[in-house]
Amino acid sequence: MTEKLNIGIILGSTREGRVSEQVGEWAKQIADQRNDATYEIVDIAEYNLPFLGTTDGTEPGLAKWTEKINSLDAFVFVVAEYNHGLPAALKNALDVAAPTSWHNKAAGIMSYGSTGGARAAEHLRGILGELFIADVRTHPTFSLFLDFENFTTFKPAELHLENMTSLFDQVNSWGKALKTVRN
């Protein structure tokens, strides 16, 4: 298969003052140096998603969100840790898309928080499994104390480049394999 995958770098926070945009842009800069897939930032904040079950489901953002997820072959989730878990907006975004939009696709997780976002990432792994998304092993974690200046400006340590390369390698490999399952 020579066709390039479409991989979405999903910003998992919509909170005011969030830093996920900085983390996602950094990941995209690394991804854009590769020639193995087409990468794009997907910001769930742009879709104005209602919470699951609170509306009749006819909002235009819902259809656009499902269409976007359908167009992607794999994902890299940028996950903040809030109160030992993932952001409600990310959980909701996973729930409101048509469930089959996620099926048989690969995902990588990069997380940040006081403990590198590890608890949020582990929470996310269980949800991804339920949605038939295969998550890869490599998981770059970013500490608010070490990888952010004044907790607001993303300045990752050099050591993260190797993990990001591994994450993208795995997402591409698994994404290509799973595309054959979907076809």
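The values are calculated or read from the model by the stated rules, or taken from the named source; none is laboratory data. Small disclaimer: the values here were computed from a predicted structure and weren't measured. Ideal geometry is used to build each Cβ from the backbone, glycine not excepted, and the neighbour counts take in all protein chains shown. For accessibility, only protein heavy atoms count, side chains too; no ligands or nucleic acids. Shrake-Rupley method; radii C 1.70, N 1.55, O 1.52, S 1.80 Å.
With respect to the numbered conditions (1) in contact (Cβ under 8 Å) with a residue 40 or more places away in the chain; (2) basic (Lys, Arg); (3) open to solvent by 50 Å² or more (accessible area, probe 1.4 Å), which one is the sole condition not fulfilled by Lys68?
(3)
Out of all the residues in region 132-141, which are crowded, with 19+ Cβ neighbours inside 10 Å and out of contact with any Gly (no Cβ under 9 Å at 6 or more places or on another chain)?
Taking region 132-141 first, the residues crowded, with 19+ Cβ neighbours inside 10 Å are 133, 135-136, 139-141.
Across region 132-141, the qualifying residue is only Ile133.
All but one of (1) touching a residue at least 60 places away in the same chain (Cβ under 8 Å); (2) assigned to a helix (DSSP H, G or I) hold for Ala63; state the number of the condition that does not hold.
(1)
Of the numbered conditions (1) among the hydrophobic types (A, V, I, L, M, F, W, C); (2) assigned to a loop (DSSP other than H, G, I, E, B); (3) surrounded by 15 or more Cβ atoms within 10 Å (Cβ to Cβ), Ala45 fails exactly one; give the number of that condition.
(2)
Pairs only if they're at least six apart or on different chains, beta carbon under 7 angstrom, first in region 131-160 and under 23 Å from Ala107 (Cα atoms), second in a strand (DSSP E or B) and of a type in the set (Val, Ile, Thr); list them, first residue then second.
Close Cβ pairs satisfying both conditions: Asp135/Ile109; His139/Ile109.
Can you name the residue in region 79-115 that is open to solvent by 20 Å² or more (accessible area, probe 1.4 Å) and among the charged types (D, E, K, R) and, of all such residues, is nearest to the chain's Cα centre (by Cα)?
Lys91
Based on what the data block shows, is Glu162 under 17 Å from Phe75 (Cβ atoms) and surrounded by fewer than 13 Cβ atoms within 10 Å (Cβ to Cβ)?
No, not satisfied.
Checking Leu144 against (1) of a type in the set (A, V, I, L, M); (2) surrounded by fewer than 17 Cβ atoms within 10 Å (Cβ to Cβ); (3) closer than 12 Å to Val23 by Cβ: exactly one of these is not met. Which one?
Exception for Leu144: condition (2).
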